[in-house]
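Presented below is the structure to which this report refers.
Read the figures in this text as sums done on the coordinates, not as results from a lab. All values derive from a computational prediction rather than experimental measurement.
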Amino acid sequence: MVEINIRQLQKDETPPYYLLELADPSRRMIDSYLPYSEVYLVESIEKIIGVYVLFPLDQRETIEIKNIAVLPEFQGKGLGKLMLGHAEEISQNMGFSKLRIATANTSIAQLKLYLSRGFLLLEIIPEFFIDNYEVPIFENGVQCRDLMVLEKNI
């Protein structure tokens, strides 16, 4: 793997929607949380190959990874683990004690990754993707229906 760098998106930079929309195909949903979030970019030789978004859920206890994505050609190379570790460190430094992440019931690889990194299933929100997205979302040949919310103490 080539050398990579993780840095915060600057205020004058445009968010990498091409990456954010890999994890959340609704620009409307992305735009609803970006103004209140911190965006971190994963760069490799001046090319942005990954992104994650931290969104505080309260003043100091719980922060959520609202979006995490890697370009398809860089998936399966450990970047997800790297970004989760970085998000955990940043969240701890900000004073948070819990890190939350959510994904679709069809996101088998992501669920496996999150569980292997110490996240525990907190709740299932039935029909989340049916109720909140105008266009049906399919993953692994199955329609996304329920939101799986996971959390870990950090």
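For the reader, a short list of remarks on this structure follows.
- Extension gain, Lys47 to Ser116: 0.36 nm times the residue separation minus the Cα-Cα distance gives 22.0 nm.
- Computed across the chain, the Kirkwood hydrodynamic radius from all distinct Cα-Cα pairs reaches 15.9 Å.
- Among the listed pairs Lys112/Lys152; Lys11/Lys77; Lys81/Lys112; Lys77/Lys112, a Cα-Cα separation exceeding 18 Å is found for Lys11/Lys77.
- Adding -39500 (n - 2.57) for every DSSP H run of four residues or longer, then dividing by how many residues the chain holds, sets the calculated 222 nm ellipticity at -7500 deg cm²/dmol.
- By the Stokes-Einstein formula, at 1.306 mPa s and 10 °C, segment 37-84 with its Kirkwood radius over alpha-carbon pairs has D equal to 138 µm²/s.
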